[in-house]
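Note sheet for the following structure.
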Amino acid sequence: ITTEQADSMSDKEAIDLLVFLCRFHDPSRILEIGTCVGFSALTMLYSCSHATVDTIERYPIMISDAKRNFNRFQTDRITLYEGDASVVLPHLTGPYDLIYLDAAKGQYPLFLPECIRLLSEGGVLVSDNVLFRGQVSAGKPDCHRNQTIVNRLDEYLHNLKNDPRLTTCILPISDGMTISVKRRSE
């Protein structure tokens, strides 16, 4: 992965947060929704002592690049699922100790029930780009075509904050990130 690819894929603050959470929480199983070219999957894998990563990507060009990067690092601890996350997620079995959601922003509300189902008790859900260039917090998209994304991300944040199974904080870093922890049943 070139420096240019890494810079275009993930913000340094987002990567720093993932590294911190992986080192602090030391998850055994990680699910990533939105592989891109595999940079964050590799970063999380090598930030944990013994993790495996399942990652989902739907775009063929990204899948090709991710496979090339995974092969370059010769890791057998990453499984790449090809396809739309809304189709793949219902077929996965948990639990996952860490889920990193960085996919189609307008689909976050659709992905949330599956993320909660797949997340272990005490597990961490990290959602990236939830403020969508500040447009969600401002409540106003920069153009008409972004209205649906802004509305759905607002819905997603509302659902995260009000789900009794989760404890969530919104971080104003990168393009907005959330950390949600699935509460343990009593």
Could you check the simple spin-label distance between Asp84 and His144, using points 7 Å along Cα→Cβ, in nm with one decimal?
2.5
Fraction of beta bridges assigned by DSSP in the stretch 23-140 that are antiparallel (%, nearest 5):
0
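I want to verify the translational diffusion coefficient of the stretch 1-110 in µm²/s; compute it with Stokes-Einstein, Rh as the Kirkwood radius over Cα pairs, at 10 °C and 1.306 mPa s. Present the calculation step by step, with values, prior to reporting the outcome.
On the way: Rh = 14.0 Å.
Answer, rounded: 114 µm²/s.
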Over the Cα atoms, compute the radius of gyration (one decimal) and Dmax (the largest Cα-Cα distance, rounded to a whole number) for the stretch 130-186, in Å.
12.7, 46
Net charge of Cβ neighbours under 10 Å - reference Glu82; Lys, Arg +1; Asp, Glu -1
0
Arranged from highest to lowest average of other beta-carbon atoms within 10 Å per residue, in what order do the peptides 158-166, 123-131 appear?
123-131, 158-166
Could you list which residues have their amide H under 5 Å from that of Tyr96, counting only those 5 or more apart in sequence or on another chain, with H placed in the peptide plane?
Leu119, Ser120
Based on the Kirkwood radius over alpha-carbon pairs, what is the Stokes-Einstein translational diffusion coefficient of the stretch 110-162 at 10 °C with 1.306 mPa s viscosity, in µm²/s?
131
When the accessible area of the chain is computed with all protein chains present and a 1.4 Å probe, what percentage of it is carbon and sulfur?
52
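Would you please calculate the Kirkwood hydrodynamic radius of the stretch 58-186 over all C-alpha pairs and express it in Å, rounded to one decimal?
Result for the stretch 58-186, one decimal place: 15.9 Å.
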So what is the relative contact order of the chain, in percent, for Cα pairs below 8 Å that sit 6 or more residues apart?
19
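The values are calculated or read from the model by the stated rules, or taken from the named source; none is laboratory data. Keep in mind that this is a model prediction, so the values were computed, not measured. With ideal geometry, Cβ positions are generated from the backbone for all residues, glycine too; neighbour counts draw on all protein chains shown. Heavy atoms of the whole protein, side chains included, go into the accessibility calculation; ligands, DNA and RNA do not. Shrake-Rupley method; radii C 1.70, N 1.55, O 1.52, S 1.80 Å.
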